[in-house]
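Heads up, the thing below is written out as structure tokens.
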């Protein structure tokens, strides 16, 4: 099977037609996505106030339920029980591990700096990763070879030709 050679002008014509059909379909897809998003937002806005009100009521009721369970813990949790099942679900208490929290407004870098200043650097995690840009430059400059990198479990690949297609925004159109 041989491949048929076409003239550059014919190739440009075919490419133009294919890009036109693609541009039209992409425009149609974006228009439909926009319509769906608008309708979803319209539906969401209809229910937003009710949902906010219900969310507030539910949070309040959950708070009251917790207060009741804490107040009546001895009556509800007999023996070693840590939870109670009802026809509507389960309530209980679970002991969680302690948390490490930063003071309001304090960022992790500041906390790490302070830990180091107070000779507590063993409590600071250090994240290391290969310097990919530096590795590529070192290969190009001949500073390091592929064998040396392979011994470290690293390989550098050559660039490759990758096809791309940028469709300009189409204005409607009627092609299918």
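Computed from the coordinates by the stated procedures, all read-outs in this text should not be read as laboratory data. Since we're looking at a predicted model, the values are computed, not measured. Note: ideal-geometry Cβ built from the backbone for every residue, glycine included; neighbour counts use all protein chains shown.
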For region 109-163, what size does the Cα cloud have along each of its three principal axes, sorted from largest down, in whole Å? 51, 30, 19
If N is the residue count of the chain, its Cα Rg over 2.2 N^0.38 Å rounds to 2.04
Between helix 8-71 and the chain, what is the angle of the helix's C-alpha long axis to the longest principal axis, kept within 0 to 90° and rounded to the nearest 10? 0
Points 7 angstrom from Cα along the Cβ direction at residue 160 and residue 55: gap in nanometres? 4.5
Relative contact order %, the chain, counting alpha carbon pairs below 8 Å whose residues are six or more apart: 38
Relative packing of peptides 83-95, 17-29 - highest average C-beta neighbours within 10 Å first: 17-29, 83-95
Can you sort 69, 152 by how many other beta carbons sit within 10 Å, fewest first? 152, 69
Separation between Cα centres of region 130-165 and region 49-113, rounded to whole Å: 51
Computed label-point distance, nm, for sites residue 131 and residue 99 using a 7 Å Cα→Cβ extension: 3.8
Can you pull the one-decimal nm distance between simple spin-label points at residue 124 and residue 5, each 7 Å off the Cα toward Cβ? 6.7
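Subtracting the Cα-Cα distance from 0.36 nm times the residue separation, let me have the gained length for residue 48 to residue 13 in nm, one decimal.
Working: separation 35, 0.36 × 35 = 12.60 nm, distance 5.17 nm.
Between residue 48 and residue 13, full extension yields an extra 7.4 nm.
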